[in-house]
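The values are calculated or read from the model by the stated rules, or taken from the named source; none is laboratory data. Only a predicted model underlies this, so the values are computations on that prediction, with no experimental measurement involved. As a convention, Cβ positions derive from the backbone with ideal geometry for all residues, glycine included, and neighbour counts pool all protein chains shown. We work out accessible area using only protein heavy atoms, side chains counted, and drop any ligands, DNA or RNA first. Shrake-Rupley method; radii C 1.70, N 1.55, O 1.52, S 1.80 Å.
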Amino acid sequence: MWNILRRWLARFSSFARRLAVRLSGRPLGQWVEGSHAEPYRRFFHFPLPIVKRSYHLYLPGRYAAAKSWPLLVMLHGCKQDPVTFSSGTRMNELADEQGFLVLYPEQRRWANLYRCWNWFDSSAQRAGGEAALIAGMVREVIDAYGVDPRRVYIAGLSAGGAMTSIMASCYGDLFAACAVHSGLMYRAAESIPEASKAMRHGSRASPENTARQAVAQKEFAFVPVMVIHGSRDETVNPVNADQVVEQFMAMARLSDGDNEASTEFTSSEHDGDHYPYEMREYRRGDMLLLRHVLVEGLDHAWSGGNAEHAFNDPHGPDASRMIWEFFTDFERSEQKAPAAAVAQ
């Protein structure tokens with residue numbers, strides 16, 4: 001009974017917000033659909049099938065091509081698609097308010113029965129496969145829609161969070177910051193059985209060693225990260241969030257070559273409007289490297305999401321707003337040079 005009432009209230013709230021926007025006279029945003037394919041290739045003399053993925057791009061109501069806009073890439077989780085993910089996170093409403101574009105790459109059912117990004121596929125972990133397709137569509141959108149290349153960000157939930165770890169590790173030159181919500185670290189698994197075990201118990205791979213593998217890539221560039229996880233997540237064990245934190249901190253240390261120690265700052269929020277949460281920040285001098293938010297009582301769901309859709313918990317805190325506020329602290333320098341190779 002409570003779940004039915006909660007869904008009804010969520011639908012009513014969503015309708016009320018849309019009505020308020022219309023009555024205010026503010027222009028509504030629009031969806032643009034597109035796709036990106038890998039370049040045509042041959043194996044010996046035989047043509048290989050062209051692999052592509054579709055995407056939805058949200059242009060906010062104030063969009064004008066002449067302006068240099070920030071871009072947020074949002075990677076959905078399993079059993080989701082761009083439309084349900086955008087509605088669940090309410091990220092398009094925030095884009096209208098704050099003024100940024102939102103790109104939603106779409107996983108095809110034939111590539112994964114549950115629409116999960118194949119983050120456990122080793123081809124994606126070598127700057128190829130699905131990760132390469134996502135990077136390609138990001139570059140296309142940057143070129144075509146007046147995006148500021150210094151302000152491109154990426155976030156994902158669950159399998160999308162794990163793919164976000166891959167994108168930040170293999171295509172860090174594209175992104176100013178990233179957010180991993182209920183996800184796993186880069187190279188957490190390299191097969192479906194390994195993936196299942198990592199989700200339940202954490203990866204058997206070493207965060208330090210996988211960080212070295214990431215930094216050794218020619219085009220590596222460190223990407224600041226926000227990590228959000230629920231303490232009651234029974235689908236992706238919260239130990240995975242700890243491993244993401246450890247791995248990104250190792251990448252920051254290895255890529256910079258600076259022996260200056262990072263400083264940890266801890267705070268907590270316990271008001272009655274949302275789940276309590278603990279936030280840990282890691283800084284080197286004045287530079288913020290990582291923010292880790294552990295939400296007490298949250299299961300495997302987007303924090304503060306629209307209860308009309310699965311994998312969303314309306315109790316909050318509002319992950320969408322927290323992520324965007326984190327991102328606004330960062331711009332990617334055009335002079336950002338790839339990190340020097342690290343000894344294996």
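Out of (1) within 26 Å of Ala252 (Cβ to Cβ); (2) open to solvent by 20 Å² or more (accessible area, probe 1.4 Å), what's the single condition that is false for Ala144?
Tallying (1) within 26 Å of Ala252 (Cβ to Cβ); (2) open to solvent by 20 Å² or more (accessible area, probe 1.4 Å), Ala144 fails exactly one: (1).
Can you go through Arg139, Arg150 and tell me which one is over 25 Å from Glu246 (Cα atoms), basic (Lys, Arg), modelled with pLDDT of 95 or more and touching a Lys or Arg at 6+ places or on another chain (Cβ under 6 Å)? Write out each step before concluding.
Numbers: Arg139 fails: touching a Lys or Arg at 6+ places or on another chain (Cβ under 6 Å).
Of Arg139, Arg150, the one residue that is over 25 Å from Glu246 (Cα atoms), basic (Lys, Arg), modelled with pLDDT of 95 or more and touching a Lys or Arg at 6+ places or on another chain (Cβ under 6 Å) is Arg150.
Tell me, yes or no, whether segment 175-192 has at least one residue that is open to solvent by 40 Å² or more (accessible area, probe 1.4 Å) and in contact with a His (Cβ under 9 Å, 6 or more places away or on another chain).
no
Sort through Arg284, Arg280 and tell me the only one that's basic (Lys, Arg), at pLDDT below 95 and touching a Ser or Thr at 6+ places or on another chain (Cβ under 6 Å).
Working: Arg280 fails: at pLDDT below 95.
After ruling out the rest, the residue left standing is Arg284.
What are the residues in segment 285-337 that are touching a helix residue (DSSP H, G or I) at 6+ places or on another chain (Cβ under 6 Å) and aliphatic (A, V, I, L, M), if any?
Once the filter is applied, which keeps residues that are touching a helix residue (DSSP H, G or I) at 6+ places or on another chain (Cβ under 6 Å) and aliphatic (A, V, I, L, M), segment 285-337 yields Leu289, Leu290, Ala307.
Identify, please: which residue in segment 200-244 is among the hydrophobic types (A, V, I, L, M, F, W, C) and surrounded by fewer than 19 Cβ atoms within 10 Å (Cβ to Cβ) and is, among those, modelled with the lowest pLDDT?
Top of the filtered list is Ala216.
Would you pick out the residues in segment 202-214 that are outside any loop (DSSP other than H, G, I, E, B) and under 20 Å from the mean Cα position of the chain (by Cα)?
Initially, segment 202-214 is screened for residues outside any loop (DSSP other than H, G, I, E, B), giving 207-214.
Selection gives Pro207, Thr210, Ala211, Ala214.
Tally the residues that are more than 19 Å from Met322 (Cβ to Cβ), aromatic (Phe, Trp, Tyr) and assigned to a loop (DSSP other than H, G, I, E, B), restricting the search to segment 86-117.
As a first pass, look at segment 86-117 and keep what is more than 19 Å from Met322 (Cβ to Cβ): 101, 103-117.
Those still in the list that are aromatic (Phe, Trp, Tyr) too: 104, 110, 114, 117.
Within this subset, residues satisfying the condition of being assigned to a loop (DSSP other than H, G, I, E, B) are 110, 114, 117.
Matching residues across segment 86-117 total 3.
Taking segment 308-333, which residues are at pLDDT below 95 and either among the hydrophobic types (A, V, I, L, M, F, W, C) or in contact with a strand residue (DSSP E or B) (Cβ under 7 Å, 6 or more places away or on another chain) (or both)?
Scanning segment 308-333 gives Gly316, Arg332.
Please verify whether Leu71 is farther than 22 Å from Val51 by Cα and either assigned to a strand (DSSP E or B) or within 12 Å of the chain's Cα centre (by Cα) (or both), treating the condition exactly as stated.
Values: farther than 22 Å from Val51 by Cα: yes; either assigned to a strand (DSSP E or B) or within 12 Å of the chain's Cα centre (by Cα) (or both): yes.
Answer is yes for this residue.
Restricting the first residue to segment 163-180 and requiring it to be within 12 Å of Ala131 (Cα to Cα) and touching a residue at least 40 places away in the same chain (Cβ under 8 Å), which pairs with a second residue that is open to solvent by less than 10 Å² (accessible area, probe 1.4 Å) and of a type in the set (Ser, Thr, Tyr) meet a Cβ separation below 7 Å and a spacing of at least six or different chains?
Matching pairs, first to second residue: Ser165/Tyr186; Ile166/Tyr186; Ser169/Tyr186.
Exactly one of these conditions fails for Asn112: (1) within 18 Å of Gly161 (Cα to Cα); (2) open to solvent by less than 10 Å² (accessible area, probe 1.4 Å); (3) without any contact (Cβ under 8 Å) to a residue 60 or more places away in the chain. Give me its number.
(2)
Is there any pair with a first residue in segment 252-264 that is under 16 Å from Arg212 (Cα atoms) and a second that is modelled with pLDDT under 80 and open to solvent by less than 70 Å² (accessible area, probe 1.4 Å) whose Cβ atoms are under 7 Å apart and which are 6 or more apart or on different chains, and what are they?
From residues that are under 16 Å from Arg212 (Cα atoms), the pairs are Leu254/Val342; Ser255/Ala339.
Applying the selection to segment 245-284, what residues are of a type outside the set (A, V, I, L, M, F, W, C), crowded, with 19+ Cβ neighbours inside 10 Å and either more than 23 Å from Ser165 (Cβ to Cβ) or touching a helix residue (DSSP H, G or I) at 6+ places or on another chain (Cβ under 9 Å) (or both)?
Answer for segment 245-284, where residues must be of a type outside the set (A, V, I, L, M, F, W, C), crowded, with 19+ Cβ neighbours inside 10 Å and either more than 23 Å from Ser165 (Cβ to Cβ) or touching a helix residue (DSSP H, G or I) at 6+ places or on another chain (Cβ under 9 Å) (or both): Gln247, Arg253, Ser255, His274, Tyr275, Tyr282.
I'm told Glu308 meets every condition in (1) over 24 Å from Phe120 (Cβ atoms); (2) crowded, with 20+ Cβ neighbours inside 10 Å; (3) not aliphatic (A, V, I, L, M) except one. Can you identify the failing condition by its number?
Result: Glu308 fails condition (2) only.
Starting from segment 185-200, keep only residues that are at positive phi, then list their pairs with residues that are among the small types (Gly, Ala, Ser) whose Cβ atoms are within a distance under 9 Å, requiring at least 6 positions of separation or different chains.
Sorted first by the residue in segment 185-200, then by its partner, the pairs are Arg187/Ser122; Arg187/Ser165; Arg187/Ser169; Arg187/Ser203; Arg187/Ala205; Arg187/Ala214.
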